[in-house]
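Asker: Next up is a structure, given as structure tokens.
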Amino acid sequence: MGIENGLSQTFEITGNDFSKAGSISTTVKEILQEIGIDSSVIRRAAIASYEAEMNVVMYADKGQLILTVTPEKFTISVEDEGQGIENIELAMQEGYSTATEEMREMGFGAGMGLPNIKKNSDEFEIASIPGKGTSLKMTFNLDTKKEK
Amino acid sequence: MTLKEIKEILKAEVICGEEHLDEEIKFAGGSDLMSDVLAFGKPGILLLTGLSNAQSVRTAIIIEAKAIVYVRGKRPDKEGIKLAMEKGIPILSTQYMMYKTCGLLYSQGLPGVS
């Protein structure tokens with residue numbers, strides 16, 4: 001698969017559908033592997049994508065994940081319609097969580113999601129309107145490796 | 001340590017991936033929190049967990065775990081087994097609880113993820 005002209009693919013995420021949760025990130029990972037991107041970058045992207053996808057499933061009504069690949073970098077944007085985040089600064093703190101008991105039973109909701117996403121991305125942007133939704137943009141550089 | 005040895009140490013049942021039992025496992029990590037697993041997991045890890053839903057298998061795929069051991073007799077659901085078989089991830093289930101499972105493997109020379 002050539003990426004000279006770039007590639008963009010959109011995936012729909014359904015809120016509260018735990019049976020499918022994570023499947024989009026698995027597909028994204030496979031696409032990145034087919035393109036031949038460095039495995040350490042794929043790993044970081046897959047983790048960030050999975051956490052973001054789980055956030056939509058857990059907290060939003062629905063959302064979209066858009067993967068855009070260019071020769072220099074790729075981005076994973078996740079936009080959702082849902083409750084949004086009241087206090088982003090607080091949500092970015094490790095351990096802070098508004099998860100329900102059900103989410104915790106799924107193995108999530110430990111307050112690690114957003115910090116994990118930020119840690120694994122080369123660039124990370126977040127914006128949210130309470131009551132409307134949240135958008136995340138994660139950028140991964142293809143030329144330089146971020147040391148972890 | 002091979003998966004076969006791990007199976008014997010833990011008196012574990014092989015739920016899927018019998019054909020991968022000769023594979024070498026170099027380190028392991030245990031948690032029921034998938035966000036923690038995503039944060040500490042490294043490729044090739046043996047994942048020990050008590051969380052047996054499909055998310056545990058998806059997490060294992062994302063972090064490129066070598067195999068999963070479910071503790072305290074847990075078994076994955078059908079969706080989880082199907083996913084693991086598709087991706088070639090062997091699944092074992094032991095009756096031992098998390099602490100004992102970790103202790104047995106560690107004392108037999110299997111280190112934790114560093």
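Asker: Just checking the output field for B:52-62: average partner chain Cβ neighbours within 10 Å of each residue's Cβ? Numbers along the way, then the final one.
Answerer: Details: counts 1, 6, 7, 11, 2, 2, 9, 6, 0, 8, 14.
Per residue, the number of nearby Cβ atoms from other chains is 6 on average.
Asker: Compute the semi-axes of the equivalent ellipsoid of segment B:3-107, taking the square root of 5 times each eigenvalue of the Cα gyration tensor, and list them largest first in whole Å. Mind dumping the intermediate values first?
Answerer: Numbers: eigenvalues 57, 46, 37 Å².
Each semi-axis is the square root of five times an eigenvalue, giving 17, 15, 14 Å.
Asker: Compute the relative contact order of chain B as a whole-number percentage, counting only Cα pairs closer than 8 Å that sit 6 or more residues apart in sequence.
Answerer: Dividing the mean separation by the residue count of chain B yields 32 percent.
Asker: Considering only DSSP beta bridges whose two residues both sit in the protein assembly as shown, what percent are antiparallel, to the nearest 5?
Answerer: 75
Asker: Leaving out ligands, DNA and RNA, calculate the buried accessible area for the pair A and B with a 1.4 Å probe, summed over both sides, in Å² to the nearest 100.
Answerer: 1800
Asker: Once you have the alpha carbon radius of gyration of segment A:86-148, what is it after dividing by 2.2 N^0.38 Å, with N set to its residue count?
Answerer: 1.27
Asker: Let's test the formula: R0 of 35 Å, r as the Cβ-Cβ distance of B:Glu86 and A:Thr70. What FRET efficiency results, to the nearest 0.05?
Answerer: Details: r = 30 Å, r/R0 = 0.87.
It comes out at approximately 0.70.
Asker: Just going by the charge dipole of segment B:3-107, with Lys and Arg at +1 and Asp and Glu at -1 on Cβ, which of B:Met97, B:Phe27, B:Thr59 is farthest out on the positive end?
Answerer: B:Met97
Asker: Rounded to the nearest 5, what % of the DSSP beta bridges within segment B:3-107 are antiparallel ones?
Answerer: Looking only at bridges with both residues in segment B:3-107, the antiparallel portion is about 25 percent.
Asker: Expressed as a whole percentage, what fraction of the accessible surface of segment A:47-148 belongs to carbon and sulfur atoms when a 1.4 Å probe is rolled over the protein heavy atoms?
Answerer: Using a 1.4 Å probe with all protein chains present, segment A:47-148 comes out at 46 percent carbon and sulfur.
Asker: A follow-up question, please. Averaged across A:8-19, how many Cβ atoms of other chains sit within 10 Å of each residue's Cβ atom? Each step should come with its number before you reach the end.
Answerer: Values: counts 0, 0, 0, 0, 0, 0, 0, 0, 0, 0, 3, 5.
For peptide A:8-19, the averaged partner shielding equals 1.
Asker: Under Stokes-Einstein, with the Kirkwood radius over Cα pairs standing in for Rh, what whole-number D in µm²/s applies to segment A:7-141 at 25 °C and 0.890 mPa s?
Answerer: 167
Asker: Also: Just the accessible area for A:Glu81, please: 1.4 Å probe, Å², rounded to the nearest 10?
Answerer: The accessible area of A:Glu81 comes to roughly 100 Å².
Asker: Same structure, new question: Once neighbouring chains are kept in place and the probe is 1.4 Å, which whole percent of the accessible area of segment B:1-77 is contributed by carbon and sulfur?
Answerer: Answer for segment B:1-77 is 48 percent, counting heavy atoms of protein chains only.
Asker: Now for a different question. Quick check: the distance between the Cα centres of segment A:15-90 and segment B:42-62, to the nearest angstrom?
Answerer: Segment A:15-90 and segment B:42-62 have Cα centres spaced 18 Å from each other.
Asker: Here's something else I'd like to know. Rounded to the nearest 20 debye, what is the charge dipole size of chain A about its Cα centre when +1 sits on each Lys and Arg Cβ and -1 on each Asp and Glu Cβ?
Answerer: 320
Asker: I need the calculated FRET efficiency for the pair B:Arg75 and B:Lys4, taking r as the beta carbon distance and R₀ as 22 Å, to the nearest 0.05.
Answerer: So, using R0 = 22 Å, E works out to roughly 0.65.
Asker: Would you kindly compute the Cα radius of gyration of the protein assembly as shown and its largest Cα-Cα separation (Dmax), both in Å?
Answerer: 18.4, 54
Asker: Can you give the mean number of other chain Cβ atoms that lie within 10 Å of the Cβ atoms in peptide A:113-120?
Answerer: Per residue, the average neighbour count from other chains is 2.
Asker: For B:Phe27, list long-range residues whose amide hydrogen, built 1.01 Å from N in the peptide plane, is under 5 Å from its own amide hydrogen.
Answerer: Hits under the 5 Å cutoff: B:Leu46.
Asker: Using the structure shown, select from B:Lys4/B:Lys42; A:Lys73/A:Lys132; A:Lys132/B:Lys78; A:Lys132/B:Lys74 the pairs with a Cα to Cα distance greater than 31 angstrom.
Answerer: On the way: B:Lys4/B:Lys42 21 Å; A:Lys73/A:Lys132 29 Å; A:Lys132/B:Lys78 36 Å; A:Lys132/B:Lys74 39 Å.
Where the Cα-Cα span goes over 31 Å, the pairs concerned are A:Lys132/B:Lys78; A:Lys132/B:Lys74.
The values are calculated or read from the model by the stated rules, or taken from the named source; none is laboratory data. Keep in mind that what you see is a predicted model, and the values were worked out from it rather than measured. When we count neighbours, we look across all protein chains shown, and the Cβ atoms used for this are built from the backbone with ideal geometry, even at glycine. We work out accessible area using only protein heavy atoms, side chains counted, and drop any ligands, DNA or RNA first. Shrake-Rupley method; radii C 1.70, N 1.55, O 1.52, S 1.80 Å.
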